[in-house]
Amino acid sequence: MKTLTSKELRAWSAQKVFSCTILVLLTLAGCQPVKNVVEDRVELLPPLKTPEPAITINIANLDLSNYPTKIAKQSVQNLAKALRTEDVHVVTVQSVTRYPELKNRIDFIIELQKATEMYFKFGETQNFSGRQTGNAIFSIYPFQVFENFEFKNFKSLSTSLNATIDAGVANLLVSSLAIPEKLSSNEQKYFVSELNKIHSDFNSPPFIITGNINSKVLYNADYKIDGCVAYRQTETLTLLETHTIGTEFGKIMICKFGLFNKTVTTK
C-alpha cells in the first residue's frame, strides 16, 4: 500500500470534507417538506345592475303666458301630433286663456283633449267679463284626486292645479302652477311652506311641479330643478332625461321620469 505524503494527505482530506459537505447539503435539501402552493382565486361578483324603473313617464310642459295670437285649431292639432310623436303621457299647461261664452273662439283645452283623447283637469285663476285664465293638466292615465289651490299671500292672483295620477305602480302628484316672477323673502317662505303642505295633504306621493317655478327658492328647499320642472328625488322617482322640441306655441320641455317600485326590506 502506497504511503501518502503529507501534501497528498491534506489534498485527500480536503476532498473528503468537500464531498461530505455536498452530501449533507443534498440530504437536507431533500428532507425539506414540500410547500403546498395554493393558487389565489378571486371570485368576481357580477357587476351591479342599475335598477330598471317599473314604468317611465314622459311629461311635457307648455307655458302660454307669452303666446300673442288667437289660437287656431290646426295649431292645436299640430301640437297633439308632436306630443304623440314624443310619446308624451302627461301635459301641463300654464296661463291658458279661454272664452267659454264665445262660440267662435277656439277653446285650447277642449281642442287639445279631442286631438289627444287624454283625460284633463282645468283650474281657474281668474274669470273677468267672460275671459277665463288658469292652468291645466292632461294625462293618458286617470286622475284620482285634484284641487285648484290659490296662493292667497301673493300680491297678484296665483294658483296651482294639483292632481294625483294613477300611473299603475304608484300615484303621482303633479302640479301645474303660475306664480309671480319676483317674490319677496316672506313670499318665498310662504311658497315653499304651501308646496310642502300640498304634498303632505296628498299623502306625500312622488311629487312633480311644473310651470314658472322659482328655481333658487325650490333648490334651497331641497327640490331637484331642471328648467321649468322641480321634483323631490326619492327611491321611487328620479329624472332620467330631458329635451326640448319646437312647436307653434314655442319650445316645450319634455322630461322622462322613472317610477320605481318601493324597496321592501325584511328582517
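We did not get these values from a lab; they are worked out from the coordinates using the rules stated. Predicted model only: the values in this text are computed from it and were never measured. Positions of Cβ are generated from backbone atoms using ideal geometry, with glycine treated the same way; all protein chains shown enter the neighbour counts.
Overview of values
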{"quantity": "Three-way shape label, segment 55-259, alpha-carbon gyration tensor, a/c 1.5", "calculated": "oblate"}
{"quantity": "Candidates per trypsin sites (Lys or Arg not before Pro) in segment 139-243, loop by DSSP, up to 12 other Cβ within 10 Å", "calculated": "Lys152, Lys155, Lys182"}
{"quantity": "FRET efficiency, 1/(1 + (r/R0)^6) with R0 22 Å, evaluated for Ile110 and Lys70 via beta carbons", "calculated": "0.90"}
{"quantity": "Estimated vicinal HN-Hα couplings, Hz - segment 240-257 in sequence order (Karplus 6.51, -1.76, 1.60; Gly, Pro = x)", "calculated": "8, 6, 9, 7, 10, 10, x, 9, 5, 9, x, 6, 10, 8, 10, 10, 9, 9"}
{"quantity": "Neighbour-limited loop hits for GluC sites (Glu not before Pro), segment 71-112 (at most 12 other Cβ within 10 Å; DSSP other than H, G, I, E, B)", "calculated": "Glu101"}
{"quantity": "Separation in nanometres of the label points that stand 7 Å from Cα toward Cβ, at Tyr190 and Asp226", "calculated": "3.2 nm"}
{"quantity": "Share antiparallel - DSSP beta bridges, segment 55-259, percent rounded to 5", "calculated": "85 percent"}
